[in-house]
Amino acid sequence: MAKGDKGGLVLALSYLPLMAFFTFFYALPILSILFSTDATQLVSLLGDPYIIRLTVDTTVQAIASTVPSIMLAIPLAYFLSRYAFRGANLLRYLLLTPFFVPAFAVTEGIILMLGERGILNQILAALLRIDPPVLDVLYSMVAVVIAHVFYYLPLAVLILEQGFSSVDRELVDASEVSGASWFLTLKVAYLNRMIPFVTASSLLVFAFSFITYSTPILIGGKFTTLEVEIYSTRARPVSSSLALFQLMFTFLLSLAILALREKLYVKDASSTRGRMPKTPVLTTSGKVLLGYAIVLVAIELLPVYLVLAQSISSSTVVLFPTALSLDNLIRLFGTEFGFGIGFIDVILQSFSIATVVALFSVFASVLIVWQGSKREDVRKLMTALLSFPLSISRSSLALGMMLCYGFGFLRLYGSWTLIAAGHIAIIVPLITRVMEASWTRISPEVRDAAELFGASGIFRLLKVELPLIAPAIVASFLLAFSSSISEFTFSNFFSTLNLMTLPVSAAVLIDLRRLDLAAALNGLVIVVVMAAEAATSLVSEEAIRVV
Amino acid sequence: MRLSKKSIIAIGTVGVLFTASVLYLFLTQPRLESDLIVYGPRGIKSLATALVMEFQRRYKVNASFVDYDMGSIEIANRLISEKDDPIADVILGVPEFYAKQLIDAGVLEPYAASNLSMIPEGERWDKTNNVLPMDKGYILITYNETIVVRRGLPIPNTLDDLTRSEYRGLVFYQDPTTSGTGLSFLVWIMSVKGVEQGFSFLALLEQNVRTHPSGWTSSIRALSLGEVAIGSMFNTDVGYEEVPNLKSTAVEGFVYREGIALVNGAKHPVAAKKFIEFVLGVDGQNLVSPAGYMYPVNPSASSAALSYAPKPQTEVTFNPATAGSVVEWLDRWRREIRAG
Amino acid sequence: MDLEVRGVSKAYGGTRAVDGVTFRLPSGKILALLGPSGCGKTTTLKVISGLVSPDSGMVLFDGEDVTGLPPRERDIGMVFQNLALFPHLTVEENVAFPLEARGVSDSVARDRVRQVMDMVELDGLERRYPHELSGGQQQRVAIGRAISSNAKLLLLDEPLASLDPALKSEVSEVIRKVQRELRVTTVYVTHDQSEAILMSDLLAVMFEGQLDAFGETPIVYESPPTQSSASFLGATNQLPCTIEGVLEHEVMVSIGGRSVGVTKPIWWRGTGNEARLLFRPEDAKVVAQGHGVVRGKLVGLMYGGSRVVARVQTDYWKVECRGNTSRAYSALSSMLGKDVGIRINMERTILF
């Protein structure tokens, strides 16, 4: 084979894993539903006062979600970056819990917190000695904003922590030694370095808040967003046009976020000088910040705790369940779902699918990241393409997959492979970030050394690169596993009479009007997911840090 | 290339896990080539799957129920969009107020099932036999007795009562864009008051509305937590264990009727017709009321499971003269009422 | 193996990191590539190794063009600046890596690894991991890994840069031993001129991507061909002079009114009358006024251990003198601020 031909083949192979993944899991399904988009309809929508108002409302809500998330995150991020203490990783893991557990858990918990007879009103009423409700915030934009702060504050903390950690220590020392006030030190030593991180975290929270739909639907009351409008008009051409508009808007925004983050990440990884050393938590300010951290994390955990407490309690809306009852949980194991499968079958199906999904996702991510590590253009393309999940509604993607593969040329409907495909589509982008973060920490000289000493690409991968990122691989597996266990949209779409996952079986129980059993099952799912995330945090700090 | 002990253990573990999982899934869930695809809204998933399971068992036909997580209007629109190459063979849960759209789109095939005569004439609301009657339910005005009595409020009886100023912030009705119950409520108002007066009524009512729950679960949740006290629910929810104080005077109520239809161009017409006949027959109709909230239309079938639920003294049915306007109402509701 | 680099250039963005570098290194010799940071020596090394592709030019091994060959096919060993040891492999596995990567049989590899471990004095450390070793031990592992596959060319990228003086001595001894025993062609990159001079047979000085000087180490050191090389090699003092006459081995120059003879550089093709005399501080000594080649005012004095560092302001430039031993410190202290003379070892001056 001529050298040129060989070079072309190698180039093509470099792009293959990424393009194959993107085409199969995104491009084909999306094309199958978006082809019906009407350009003139899109233009007319853009001039529609109702749509404009929705867009403005959605934007205002996203900004309102972003500002408190960042403001609350900054002191905690500074604390985590500055102070050394045992349990720092545990704190991060607990902080991230609302992000990892199924979304319904957080929303349900917020209802239990903010409702008229919720925990907050009970406490305020007791303190002020008046009848509840004292605060009426549920079913409003305020409730949506509060929910978003719960979901996304942890992500903001982790991004900002990276920023604080990379501040040049010598600048801080020089400023303090010169007698500068804390404000001046903040301006001189921190501000320049932190602006990109604040921008990146703000854009991320903004983007997630913008494309939200489950929170407004569940607790927004009359407040509604653009994504809710898209959801409300599904199966009609207008929905495709709206979806395309939102897709373009959020995709460009995501690219902007990621382009900015690309710059930050490379700088951060290669910057070794001036990293802030950590101080023991003995100073007054350290103790104050520790107190703040504990309170904030406790508040973050409250919704999940309330849901768990309720699932094993026989009474509702209590901070400390007094009448503990595992009856519902026990009854679950004896439940026939009416479709020929029992609860044990559901557990085995869920775990099996999650295992296959996790293994395949790790394999696919390794392939993609490996090729990206060899060629800068592949890496940039990878970053851009894998940002798609941030911009696409899962139900749209699920519908596309159903049409393309469920009833399309593969006719996979009824098979577990379709559920697995849906899970893989949303999990691979997440764990690719974990892998990439770990991969880029491999010293380029170590890679050069392997190549120089005669290692072929595969040899180097198996003997050097994979062993060095082993903790990230394990963490990715656990992350993928727990994400698959708790995933609902695709599972719901593709489940059949004989095939369902744990969250879908909870929905079935709800259909059967067995809310008590559904609550117990949801509690179980939360526990499984939290256990997997705890294991992840023990294995790899990367998985906790990477978003 | 030599592998370390750790690598061998890791690869072995991965291999075992993967093989075990795949084997389990392949052996326990063989991919079934469906001989019958049934479309329907997610709201009747429990009934639909019970019907399909029983049909499968009796007639050894591999049948699947598909809802795409969509409501009745959406799944109907989905069917219309597949007109040239339909995936479904049968669609069930077709609401009475949306049948015209499907019929006009030409996606249904009239089918006078052999056992149609078992269904009383009065229940057969589509005389063209494109959509055959399947079941019906009753939407009532319900209220949380504990809250209403505690606050000394008058008991709501009629639609107009809902606009009383004493009920400010206590009323709910489901979002009609996501909930069949909510949609039925909307249709109820349009049927009774007409379109323009109906929307004026809804605008007035909105002052009392606290929230529009997305579906049954959120409604029950909101009621049980006391976030709302008065609103539209199925009659079978009255006395439901999660909300034991949910009551209704059942002075008036809306009759929600839905049907089953054969898809034009169905790929498995024989199985489809058999399924329709099964659903209309006693065996199929006996599965309706145990599913929780709808009544069979075949008088030979039992609805004993729902005997506790109050039925409305005055029944309001859909006004066929307004057929064809539901989507327009939904758009108007979103723009004028929800966003208003 | 003979190494030849021919007209190699490499640019990064708008900057030429390496610009038309050409040299030839005979088999079994050590070449020191010397120059300040950023001069292109590491890039040159990477071009030779194949880790970086040149924009133009060739690299030849025994006359064969290897420019297009990937690194793994060039049969070279390299010690990286930051060592690049595989942290997850033991010492033995690190050293065996090149053999395993090239498919050498286990038994042959085992024997070879044992040999190498012995050569670099790592016996007993086989099962340790890099992070469990001292800096010097890690360096020896890196060297062992570089030579284990009998590579034809050995590249060393600032191998002693991060070591303290005691370790530097220890490791440089290992390098010399290895090179002596294996007679492997070696390219040694460093910014430290004393290291370069000690370790090499041939010396190349680079500035701004270009080769400024190349030749046998003693010749390049004693007679650097350019002022910049001379300055980098320590000849940091300079005095203007006038050429009075050129003899076979000497050039007569006039400095400060005095006529002296200086060694004629081997490449001397000087024309014109004006010249510059460069010399090293250690070849200049402060003496009493009236003695020495030039005079000036003693303006600075520092105690430097075995030597005294003196600064004399002449009519031309400041001259740094390190020729006085520490015994002269107190005497010189009394001359601070006064006129003194500078005696220069004319045989070691470099004339430009």
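Please tell me if B:S289 is free of Cβ contacts under 8 Å to residues at least 60 places away in the same chain, in contact with a Leu (Cβ under 8 Å, 6 or more places away or on another chain) and assigned by TED's automatic domain parsing to the domain that holds B:P95.
In short, yes.
Of (1) within 14 Å of chain A (Cβ to nearest Cβ); (2) without any contact (Cβ under 8 Å) to a residue 12 or more places away in the chain, B:A321 satisfies all except one. Which?
For B:A321, the exception is condition (1).
Check whether at least one residue in the stretch B:250-261 is on the phi < 0 side of the Ramachandran plot, out of contact with any Lys or Arg (no Cβ under 6 Å at 6 or more places or on another chain), assigned to a loop (DSSP other than H, G, I, E, B) and aromatic (F, W, Y), and report yes or no.
No: zero hits.
Name the residue that is nearest to A:T224 (Cα to Cα), counting only residues in the stretch A:144-200 that are outside any helix (DSSP H, G or I) and hydrophobic (A, V, I, L, M, F, W, C).
Across the stretch A:144-200, the extreme among qualifying residues is A:V167.
Among the residues of the stretch C:267-298 satisfying the criterion of being in a loop (DSSP other than H, G, I, E, B) and touching a Leu at 6+ places or on another chain (Cβ under 9 Å), which is modelled with the lowest pLDDT?
C:G270
Would you call A:F488 over 27 Å from the mean Cα position of the chain (by Cα) and either at pLDDT 85 or above or more than 7 Å from every other protein chain (Cβ to nearest Cβ) (or both)? Reasoning before the result, please.
Working: over 27 Å from the mean Cα position of the chain (by Cα): no; either at pLDDT 85 or above or more than 7 Å from every other protein chain (Cβ to nearest Cβ) (or both): yes.
Here the answer is no, as A:F488 does not meet what is asked.
Considering each of B:S4, B:S21 in turn, give the residue that is more than 7 Å from chain A (Cβ to nearest Cβ), more than 27 Å from B:F318 (Cβ to Cβ) and of a type in the set (S, T, N, Q). Lay out the reasoning, then the answer.
On the way: B:S21 fails: more than 7 Å from chain A (Cβ to nearest Cβ).
So the residue among B:S4, B:S21 that is more than 7 Å from chain A (Cβ to nearest Cβ), more than 27 Å from B:F318 (Cβ to Cβ) and of a type in the set (S, T, N, Q) is B:S4.
What's the total number of residues in the stretch C:183-221 that are in a helix (DSSP H, G or I) and among the aromatic types (F, W, Y)?
Counting residues in the stretch C:183-221 that are in a helix (DSSP H, G or I) and among the aromatic types (F, W, Y) gives 1.
Identify all residues within the stretch C:96-123 that are out of contact with any helix residue (DSSP H, G or I) (no Cβ under 7 Å at 6 or more places or on another chain) and either of a type in the set (V, I, T) or within 14 Å of chain A (Cβ to nearest Cβ) (or both); write none if there are none.
Going residue by residue through the stretch C:96-123, those that are out of contact with any helix residue (DSSP H, G or I) (no Cβ under 7 Å at 6 or more places or on another chain) are C:102-108, C:110-111, C:114-115, C:118.
Within the stretch C:96-123, C:R102, C:G103, C:V104, C:V108 meet the criteria.
Against the condition more than 12 Å from chain A (Cβ to nearest Cβ) and under 27 Å from B:L186 (Cα atoms), how does B:S214 come out, does it pass?
no
For C:E92, which of the numbered conditions (1) among the charged types (D, E, K, R); (2) modelled with pLDDT of 90 or more; (3) assigned to a strand (DSSP E or B) fails to hold?
Unmet for C:E92, out of (1) among the charged types (D, E, K, R); (2) modelled with pLDDT of 90 or more; (3) assigned to a strand (DSSP E or B): (3).
Could you pull out every one of the strands (runs of 3 or more DSSP E) wholly within the stretch B:1-109 that has 2 or more residues that are at pLDDT below 90?
B:63-66
On the given criteria, is A:P471 without any contact (Cβ under 8 Å) to a residue 60 or more places away in the chain, assigned to a helix (DSSP H, G or I) and surrounded by fewer than 24 Cβ atoms within 10 Å (Cβ to Cβ)?
On the way: without any contact (Cβ under 8 Å) to a residue 60 or more places away in the chain: no; assigned to a helix (DSSP H, G or I): yes; surrounded by fewer than 24 Cβ atoms within 10 Å (Cβ to Cβ): yes.
It is false that A:P471 is without any contact (Cβ under 8 Å) to a residue 60 or more places away in the chain, assigned to a helix (DSSP H, G or I) and surrounded by fewer than 24 Cβ atoms within 10 Å (Cβ to Cβ).
So that you can scan it fast, the table gives a plain yes or no per residue for (1) of a type outside the set (D, E, K, R); (2) touching a strand residue (DSSP E or B) at 6+ places or on another chain (Cβ under 9 Å):
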| site | (1), (2) |
| --- | --- |
| B:I260 | yes, yes |
| B:K274 | no, yes |
| B:L280 | yes, yes |
| B:N286 | yes, yes |
| B:S303 | yes, yes |
| B:Y308 | yes, no |
| B:P312 | yes, yes |
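Test of understanding: among C:G57, C:G77, which residue is in contact with a strand residue (DSSP E or B) (Cβ under 6 Å, 6 or more places away or on another chain) and away from every other protein chain (no Cβ under 14 Å)?
Matching residue, one of C:G57, C:G77: C:G57.
Restricted to the stretch B:299-324, and to residues that are within 19 Å of the chain's Cα centre (by Cα) and surrounded by 17 or more Cβ atoms within 10 Å (Cβ to Cβ), which residue is modelled with the highest pLDDT?
B:V316
Take the residues in the stretch B:165-200 that are in a loop (DSSP other than H, G, I, E, B) and either in contact with a helix residue (DSSP H, G or I) (Cβ under 8 Å, 6 or more places away or on another chain) or buried (at least 24 other Cβ atoms within 10 Å of the Cβ) (or both); name whichever of them is modelled with the lowest pLDDT.
Here the residue is B:T178.
Does any residue of the stretch A:424-433 turn out to be crowded, with 23+ Cβ neighbours inside 10 Å, assigned to a helix (DSSP H, G or I), within 14 Å of chain C (Cβ to nearest Cβ) and at pLDDT 90 or above?
No: zero hits.
Condition first: aliphatic (A, V, I, L, M), away from chain B (no Cβ under 14 Å) and within 27 Å of the chain's Cα centre (by Cα). Now tell me which residues in the stretch A:76-130 satisfy that.
Selection gives A:L76, A:A77, A:L80, A:A84, A:A88, A:L90, A:L91, A:L94, A:L95, A:L96, A:V101, A:V106.
In the set B:E241, B:E277, B:E328, which member is part of a helix (DSSP H, G or I) and either within 14 Å of chain A (Cβ to nearest Cβ) or in contact with a Lys or Arg (Cβ under 7 Å, 6 or more places away or on another chain) (or both)? Show your work before the answer.
Numbers: B:E241 fails: part of a helix (DSSP H, G or I); B:E277 fails: either within 14 Å of chain A (Cβ to nearest Cβ) or in contact with a Lys or Arg (Cβ under 7 Å, 6 or more places away or on another chain) (or both).
Answer to the check: B:E328.
What are the residues in the stretch C:156-172 that are in contact with a strand residue (DSSP E or B) (Cβ under 9 Å, 6 or more places away or on another chain) and within 15 Å of C:S200 (Cα to Cα), if any?
Within the stretch C:156-172, C:L156, C:D157, C:E158, C:P159, C:L160 qualify.
Going residue by residue through the stretch C:237-258, is there one that turns out to be at pLDDT 85 or above and closer than 30 Å to C:S169 by Cβ?
Scanning the stretch C:237-258, I find at least one residue that is at pLDDT 85 or above and closer than 30 Å to C:S169 by Cβ, so the answer is yes.
Could you please find all residues in the stretch A:434-466 being surrounded by fewer than 23 Cβ atoms within 10 Å (Cβ to Cβ), among the charged types (D, E, K, R) and within 7 Å of another protein chain (Cβ to nearest Cβ)?
Within the stretch A:434-466, A:E445, A:D448, A:E451 qualify.
Taking the stretch C:151-161 as the region of interest, how many residues are part of a loop (DSSP other than H, G, I, E, B) and either in contact with a Gly (Cβ under 6 Å, 6 or more places away or on another chain) or in contact (Cβ under 8 Å) with a residue 60 or more places away in the chain (or both)?
Result for the stretch C:151-161: 5.
Conditions first: (1) more than 30 Å from A:A256 (Cα to Cα); (2) more than 14 Å from chain B (Cβ to nearest Cβ). A:W370 passes all but one, so which condition is the exception?
Here A:W370 clears every test but (1).
As an exercise: evaluate A:I469 against (1) more than 27 Å from A:P154 (Cα to Cα); (2) within 14 Å of chain C (Cβ to nearest Cβ) and give the number of the one condition it does not meet.
Condition not satisfied by A:I469: (1).
Count, please, the residues in the stretch B:201-226 that happen to be of a type in the set (D, E, K, R), touching a residue at least 24 places away in the same chain (Cβ under 8 Å) and either assigned to a helix (DSSP H, G or I) or buried (at least 23 other Cβ atoms within 10 Å of the Cβ) (or both). Break it down into steps so the answer makes sense when it comes.
We begin by selecting, within the stretch B:201-226, every residue of a type in the set (D, E, K, R); these are B:206, B:210, B:221.
Cutting the leftovers down to touching a residue at least 24 places away in the same chain (Cβ under 8 Å) gives us B:206, B:210.
After this cut, where a residue has to be either assigned to a helix (DSSP H, G or I) or buried (at least 23 other Cβ atoms within 10 Å of the Cβ) (or both) as well, the list is B:210.
Adding up the residues that qualify gives 1.
The values are calculated or read from the model by the stated rules, or taken from the named source; none is laboratory data. A quick note: this is a predicted structure, and the numbers were derived from the prediction, not measured. Cβ coordinates were reconstructed from backbone atoms using ideal geometry, including for glycine residues, and neighbour counts include every protein chain displayed.
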